[in-house]
Each structure stands twice: as C-alpha cells, then as structure tokens.
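Heads up: the structure comes next, in structure tokens.
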Amino acid sequence: MIILELKLLDAFEKVSEKENFEFIVVHIPDKREVSEEYQQKFLDQWSDVDESFFEFRKIENIFSEKLPAAHPDSEYPIEYISLFDLAEANFDNFYFKTDPHWNSQGVSLSADYIAEELKKKNII
C-alpha cells in the first residue's frame, strides 16, 4: 500500500514542477508514533496483540528513507520535512494531555520549525 502513496506523492511533485510551485511533504506525527506510554495505552485496548504487531514509526522510517530530495539516489526526490524529532523532544508541551491532537504550543513550535526548514531550503 505504501508504494501507492509514494507514487501519488511523486505525481503531485511532477504537477508542481509543471505548474511552477513547490511541493513539500510535512510529516505530522501522531501521538502514538512519539510516545511509548501512549503506544502502550493503544495496545492495551486489545488483549491479543503485542507491540511487535505494530510499527509505530513506519511512516517516519519510510518517508525519511524514500522521499528526501537531498538523497541523490532517491526514487522519489520530494522535499520532506519531518516533525517527528521536534514532537518527541517537546512531547509534554506538544500534545494535549487528554487526546492525540497538538495543543497551541505544538502548533507554534511546528510553525516555527517548518518556517526555519523552508528558509534552509531557500523556499522562503
């Protein structure tokens, strides 16, 4: 299934080149991807599965390996920004305590980080 998503992203990239706009994938990590405690709460919902059944970082791993335009041998040379490390480093200030959504600090930290990454890439 992930190959289909990568091909769709590649198609968006080709359209962006043709239409002269920047296409950038920004990975917004779910709280489950970042927090082992939240992963355990998720796993506790089912009695017949364990942690090995899920790959919580699968999207991050695939995108960071397959997408970055900086990799000369990338099959899908698409600009990619990951917020995974930012969310992990700022976990307590990033997500609401009661659900998996970002709080206002998470939004602000992400906006600042994305702006800095876009500046580094000379996009803004």
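Just so you know, all these numbers are worked out from the coordinates, no wet-lab data involved. Note that the structure is predicted; figures quoted are calculated from it, not measured. Every residue, glycine among them, receives a Cβ derived from its backbone with ideal geometry; neighbour counts consider all protein chains shown.
Per-structure values
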| read-out | value |
| --- | --- |
| Local electrostatic count at Lys121 - Lys and Arg +1, Asp and Glu -1, tallied over other residues with Cβ under 9 Å | -1 |
| Loop-located GluC sites (Glu not before Pro) in region 47-124, at most 16 other Cβ atoms within 10 Å (DSSP) | Glu55, Glu75 |
| Amide H partners (placed H, <5 Å) of Ser82, local residues excluded | His27 |
| Net length gained if the chain between Lys119 and Asp99 were fully extended (0.36 nm per residue, minus Cα distance) | 4.0 nm |
| Trypsin sites (Lys or Arg not before Pro) within region 16-108: DSSP coil, no more than 12 neighbouring Cβ in 10 Å | Lys97 |
| Region 57-124: chymotrypsin sites (Phe, Trp or Tyr not before Pro) in DSSP loop, at most 14 other beta carbons within 10 Å | Phe96 |
| Computed magnitude of the charge dipole of the chain (debye, nearest 20; Cβ of K, R +1, Cβ of D, E -1) | 380 debye |
| Between region 1-32 and region 77-124, the Cα center-to-center distance that results, in Å | 18 Å |
| The chain, relative contact order [Cα under 8 Å, separation at least 6], % | 24 percent |
| Simple spin-label estimate for Phe12 and Ala111 in nanometres, 7 Å along Cα-Cβ | 2.1 nm |
| Principal axes of the chain: Cα extent on each, largest first, Å | 49, 33, 22 |
| Anchor Lys31: lysines whose Cα lies under 28 Å away (excluding residues fewer than 8 positions away in-chain) | Lys7, Lys41, Lys58, Lys66, Lys97, Lys119, Lys120, Lys121 |
